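Notes for the one structure printed next.
The values are calculated or read from the model by the stated rules, or taken from the named source; none is laboratory data. Owing to the predicted nature of the structure, the values given are computational and were not obtained by experimental measurement. Cβ sites come from the backbone with ideal geometry, for glycine too, and all protein chains shown count toward neighbours. The area values use the complete protein model at the heavy-atom level, side chains included, leaving out ligands, DNA and RNA. Shrake-Rupley method; radii C 1.70, N 1.55, O 1.52, S 1.80 Å.
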Amino acid sequence: MTNTNLTTQANPKTNPNSQLQGWRKFAGNELLERLATPHGVSQYLENINPLWSLTDIRAKVVARQQETADATTLVLKTNGNWRGFTAGQFVTLSVEINGRQVSRCYSISSAESDERVRITVRRKQGGEVSNFIADHVEIGDVVSLSPAAGEFVLPTTDKPLLMIAGGSGITPIMSMLRSLDWAASKQPVTLMYYARETATAIFQPELEQLADKQGRFVLRMVNTAEQGRYSNKQLDKLVEDAANYQTLLCGPASLMAAVEADYEQRGLSDQLLLERFTLPEPRIPENPDVVSGDVMFSHSERYVANSGENLLEQAEAAGLQPEFGCRRGICHRCTCTKSSGTVRDAITGELSATPNEAIRLCVSVPVGDVTLDI
Amino acid sequence: MNAQTDFTLTNNKANNKPIGNAHILSSETVLSPDAMAEKYGMTAAALEEFGTKMDAIRDKHLADRGDRDTSYIRKLIRVQRGLEVAGRGLLYASIPALLVPPLAIPVWAAGVASLGLAKILDNMEIGHNIMHGQYDWTGDPALNSKTFEWDAASPSANWRNSHNYEHHTYTNIVGKDRDVGYGTMRMSDAQPWHPVYLGNPLYATLLALNFDAGVSLHDLEIERIRSGELTWKEQLPVLKRIGQKAVKQYGKDYLFFPALAGPFFLPILLGNLVANGMRNLWAFTIIFCGHFPDGVEQFTNEAADNETRGQWYFRQLLGSANLEGGKLFHIMSGNLSHQIEHHLFPDVPAHRYAEMAVEVQAECKKHGLPYNTGPLHKQFATVVGRICRLALPNRKGDKPNNESAGNTLAAA
Ligand code: FES
């Protein structure tokens, strides 16, 4: 079983080994860089137009499409630093919300050959970025992207393909369906698509059209309100001889768990490729006063049980030697990136669960599990 | 307010030894924490209340950070880049203008002025403040304290260490805050006199003219190497960074840009030299007005030990002085004209200091505390006075520089 877990992916905003192309090659030449030191040529260009960055992948929103009442597609025109993607992959999208860059991972929904990159986002209750995209991102806005990443891509196999999608888990699968060369082979493709009601199923009209047009594509819409949730019986009813298929799975946690368990029972786990699509929204633990959880130091691959002390003490106790100065929040020398988890500011008492946030170790006390990028 | 508000330096493993010249005379002008509190009639309870109030001001502004701050600093960066490009452009434009000689000089001078202003903005309101971490919360890599590099000789990594840590933690503690005298000058009565300090005014002038290089060398802590506290080997990474930055920085200003002008190498080089000098003089003036005007207190070594938050705020207030002026003046000074607010709230975006100053002053008035402020010419005159006076040994009848704060707020 291949498991591409979004949470374990790094969040590289820049594209360090990208070879500059076109006019960027000239702009980034050695002499100009020497003249532009210490800020670098890119900074001057970005001041005129953020899309002219030599280092970052930026994209302009050229259209918005309302897919359903709560799902929006952003159509993006990427700048010259974009190096393409393989259908099924995701990007980290950063938007600026009240002066602060906030990032989330989203699967790409467009075809590999599409000139524009499409990202389809469903509004989540309390989701900072999904709601911002739904309500505030306008045509002409510029967003930042990471290079595409992820292992959830079409496997090379002659076996028929079974795709199981639920909710916004349809997005990477839609990208695959849009990218498939339908004329090239006879490989049958079946999609089981779970939705609470058909009005909320993203891309349903396009999928129905595809099923009409392509004989080798079978669409099985599963309305969970009427037909119930995934079960072993349901699979056998809708797909003949599932054991023959290579399965691709992406959807909410409950669907994923049910399919995984069933495939294990059937002894088919190695024919299941899945994408843990639903990232938990960062949230503050229920009892912030109880000392609990682990502190993970992802870069040095160490972890310790949370002792309730500040993170600088805990890092040192774990044998790390982070930089420090004042040890009381003044000098910012101990600043590093918290990739996930909640910390309490020892001075203000404020709790923060924002992922990929710069924190000062010496005045941050972990509340539950915390992962640091050191 | 959280129970963990009080913190101490007792767990400070590496840094219990004083920095630099450890032979400090005991002197009435250098205050211990008790003497500080007594002189200004601050009881423990009053200090606690003052600290709580300062924390409240800080929290309020931190919570309010947002678009306003990000837009402000980005706009300033755009202006700075514009001035820089325009300045360099005008320097080159002065070459064809040579055909009409009376035109060449004003064009050249305008270029120098524009480039000098760009460097001042880059180093002060933009660089200094970003490198304090005032914009780290934005998550924008271009505004990140750890990656920002300024248009000056000193490598930012070295500077952040000496400045953010040593100077802001041990502010005005003679012997620990290396900004007191920059290792070469005598800036406190508590520093023992030596004939070498007869050169005080000369050193000050040289430092002012070469301020960015001075700041760069300052981080090498040569005086601590000489005294044996540090070895050259330990300081090798610092030295390496200084060298690398110097090659790039001086290469740009004094080699590559002039070389682009071919036979007109010299006027372009001169333009860069004057622009850098402009920035140096201005930065020196503003920065020395932050901690050395009359009325500013200096402190003994134990001041930072076991200090409560209230005591820390109190020390920052007594150890800093403000400059009065208009909005443009504050921007050009990197809001270090609000040195008091900067020392109280070093990581709050500096363009908010003017608003915070009103709240801080009200609090000072309530506690009858001094709030040292004055126009630039007045404050700087007292700094020059101090530099000259301390060139000579202390004399009986000298009035210590922490009295005669003619421009402090009267006690309520
Ligand atoms: S060590 Fe100075 S802020 Fe943490």
> To the nearest 0.05, how large is the calculated FRET efficiency for A:GLU206 and A:LEU20 if R₀ is 35 Å and r is the Cβ-Cβ distance?
Replying inline: 0.45
> In terms of Cα to Cα distance under 19 Å, which aspartates and glutamates are near enough to A:LYS233, apart from those fewer than 8 places away along the same chain?
Replying inline: A:ASP241, A:GLU260, A:ASP262, A:GLU264
> If contacts are Cα pairs under 8 angstrom and at least 6 residues apart, what is the relative contact order of chain B in percent?
Replying inline: 25 percent
> List the GluC sites (Glu not before Pro) in region A:125-213 that DSSP assigns to loop (not H, G, I, E or B) and whose Cβ has at most 15 other Cβ atoms within 10 Å. Which are they?
Replying inline: A:GLU138, A:GLU151, A:GLU197
> Rounded to whole Å and sorted largest first, what semi-axes of the equivalent ellipsoid does the C-alpha gyration tensor of region A:190-282 yield via the square root of 5 times each eigenvalue?
Replying inline: 21, 18, 13
> Kirkwood Rh over Cα pairs of region A:45-101 into Stokes-Einstein at 25 °C, 0.890 mPa s: D in µm²/s?
Replying inline: 184 µm²/s
> If you line up the Cα atoms of region B:65-196 on their principal axes, what length do they span on each, largest first, in Å?
Replying inline: 58, 49, 21
> Once amide H atoms are placed 1.01 Å from N in the peptide plane, what residues at a sequence separation of 5 or more from A:MET221, or on another chain, have their amide H within under 5 Å of its amide H?
Replying inline: A:TYR193
>> Modelling each spin label as a point 7 Å along the Cα-to-Cβ direction, I'd like the A:ASP141/A:GLU226 distance in nm, to one decimal.
In response: 3.7 nm
> To the nearest 500 deg cm²/dmol, what mean residue ellipticity at 222 nm is calculated for chain B from DSSP H runs of n ≥ 4 alone, each contributing -39,500 (n - 2.57), summed and divided by the residues?
Replying inline: -15500 deg cm²/dmol
>> So if I take the centroid of the Cα atoms in region A:229-257 and the same for region B:292-340, what is the distance between those two points in Å?
In response: 67 Å
>> Please list 3J(HN,Hα) in residue order for region B:186-199, calculated via the Karplus relation 6.51 cos²θ - 1.76 cosθ + 1.60 where θ = phi - 60°; whole Hz, with x for glycine and proline.
In response: 9, 10, 9, 4, 6, 6, x, 7, 8, x, 4, 6, 4, x
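Calculated from DSSP H runs of 4 or more alone, at -39500 (n - 2.57) each and per residue, what is the 222 nm mean residue ellipticity of chain A, nearest 500?
After summing the helix terms and dividing by residue count, I get -5500 deg cm²/dmol.
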> Which whole-Hz couplings ³J(HN,Hα) result when phi for each residue of region A:24-38 is put into the Karplus expression 6.51 cos²θ - 1.76 cosθ + 1.60, θ = phi - 60°, listed in order with x for Gly and Pro?
Replying inline: 4, 4, 6, 4, x, 6, 3, 5, 4, 5, 5, 6, 8, 4, x
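Take every residue in peptide B:165-171, count the Cβ atoms of other chains within 10 Å of its Cβ, and give the average of those counts.
Other-chain Cβ atoms within 10 Å of each residue's Cβ, averaged: 4.
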>> Per residue of region A:217-226, what does 6.51 cos²θ - 1.76 cosθ + 1.60 with θ = phi - 60° give for ³J(HN,Hα)? Whole Hz please, x for Gly and Pro, Karplus curve as stated.
In response: 10, 10, 9, 10, 6, 10, 8, 5, 5, 9
> Where in region A:63-97 does the label zone of B:THR147 land, with the point 7 angstrom along Cα→C-beta and an amide N cut-off under 19 Å?
Replying inline: A:79-83, A:91-97
> How much accessible surface does A:ARG333 have with a 1.4 Å probe, in Å² rounded to 10?
Replying inline: 50 Å²
>> With angles folded into 0 to 90 degrees, how steeply does helix B:67-93 sit against the dominant principal axis of chain B? Use alpha carbons for both and round to 10.
In response: 40 degrees
>> Quick check on my link table: of B:LYS240/B:LYS327; A:LYS25/A:LYS77; B:LYS119/B:LYS233; A:LYS60/B:LYS119; B:LYS176/B:LYS252; B:LYS176/B:LYS240, which ones sit more than 30 Å apart, alpha carbon to alpha carbon?
In response: B:LYS240/B:LYS327; B:LYS119/B:LYS233; A:LYS60/B:LYS119; B:LYS176/B:LYS252
> Between A:ARG276 and residues 5 or more places away or on another chain, which pairs have amide H atoms under 5 Å apart, with H built 1.01 Å from N, and which residues are they?
Replying inline: A:THR4, A:LEU6
> Over chain B, one equal point on each Cα, no solvent: what is log10 I(q)/I(0) by the Debye formula at q = 0.13 Å⁻¹?
Replying inline: -1.18
> Near the amide H of A:GLY368, under 5 Å away, which other amide H atoms are found, from residues 5 or more places off or on another chain, if H is placed in the peptide plane?
Replying inline: A:SER292
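Around B:PRO201, under 14 Å between beta carbons, what's the net of Lys plus Arg minus Asp minus Glu among the other residues? Spell out each step's value before the answer.
Details: positive: B:ARG186, B:ARG386, B:ARG389; negative: none.
Net charge around B:PRO201: +3.
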> According to the Cα gyration tensor, what semi-axes, each the square root of 5 times an eigenvalue, does the equivalent ellipsoid of the protein assembly as shown have, listed from largest to smallest in whole Å?
Replying inline: 57, 33, 22
> In terms of Cα to Cα distance under 23 Å, which lysines are near enough to A:LYS213, apart from those fewer than 8 places away along the same chain?
Replying inline: A:LYS159, A:LYS186
